[in-house]
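Here's the structure, in structure tokens; my notes come after.
The values are calculated or read from the model by the stated rules, or taken from the named source; none is laboratory data. Here the structure is a predicted model, which means the values were calculated and not measured. Heads up, the Cβs are rebuilt from the backbone with ideal geometry, glycines too, and the neighbour counts pull from every protein chain shown.
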Amino acid sequence: MDITPTSYTTQPATGWAIASMGVIPIASTDPQTNAVTVLGTTVLLRATPTGFAWSTSDGTEITTSGANAGDGSGAQPLTFERREHRAELTLTTTWTGHYSLNGGATWAEAPGTATTTSASTSIHIFNPRVQLVDCDTTGDCSTGSTPGQQTSTLTDPDGDGIDNHLIPDHAIDAYLDARANGHKWSSRERKSAVQ
């Protein structure tokens with residue numbers, strides 16, 4: 001039986017997260033079934049997900065069962081390394097099998113387990129720091145503001161007018177390096193990231 005890798009979501013599903021708060025990954029617990037014919041007898045096969053191993057490209061891992069499934073109640077968050085970066089989230093699911101010779105009225109356990117690996121999800125990780133400012137979120141400052149002046153926000157910590165999580169994965173390292181060195185990021189994709 002071919003098993004389709006598990007579908008999953010993250011809460012929040014914004015494409016970004018705060019490192020220390022992380023995301024709550026939630027996997028589908030739906031079993032998969034398939035009917036095959038063996039020596040003229042219809043055999044119903046069922047694969048049920050029983051374990052979920054979540055890992056990130058920066059090395060954090062958690063293993064869950066039903067707690068991180070369905071509605072996410074009681075779910076365990078997956079946190080990230082405390083720096084701004086892009087991380088890949090990957091899910092490996094362990095499946096147990098059963099088979100039925102009477103159309104699903106009764107099931108017998110199949111020996112062994114199977115694993116599938118779901119497609120990775122890219123998440124931009126922010127590590128905000130508390131700082132006192134004299135400006136509100138619209139850029140109005142008590143000490144006066146320059147027209148068009150950008151203020152920093154959670155998703156635009158350098159105040160350059162670009163929400164960092166909107167930069168494509170292949171360009172994020174160049175963007176963060178340019179920002180760390182006090183340069184303006186220049187790329188054909190800058191215009192679409194600003195809009």
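Miscellaneous remarks
- Enumerated strands (runs of 3 or more DSSP E) restricted to segment 1-53, each holding at least 2 residues that are of a type outside the set (Lys, Arg) and under 13 Å from the mean Cα position of the chain (by Cα): 8-11, 16-18, 24-27
- The residue pairs whose first member lies in segment 176-194 and is over 21 Å from residue 127 (Cβ atoms) and modelled with pLDDT under 80, whose second member is of a type in the set (Gly, Ala, Ser) and outside any loop (DSSP other than H, G, I, E, B), and whose beta carbons are closer than 8 Å, counting only pairs six or more residues apart or on different chains, are 184/178; 186/178; 187/171; 187/174; 189/171.
- Pairs linking a residue in segment 24-40 that is without any contact (Cβ under 8 Å) to a residue 24 or more places away in the chain and in the same structural domain as residue 93 (by TED's automatic domain parsing) to a residue that is surrounded by 12 or more Cβ atoms within 10 Å (Cβ to Cβ) and hydroxyl-bearing (Ser, Thr, Tyr), with Cβ atoms under 8 Å and 6 or more positions apart or on different chains, are 31/48; 35/42.
- All positions within segment 153-173 that are surrounded by 13 or more Cβ atoms within 10 Å (Cβ to Cβ) and part of a helix (DSSP H, G or I): 164, 165, 166, 171, 172
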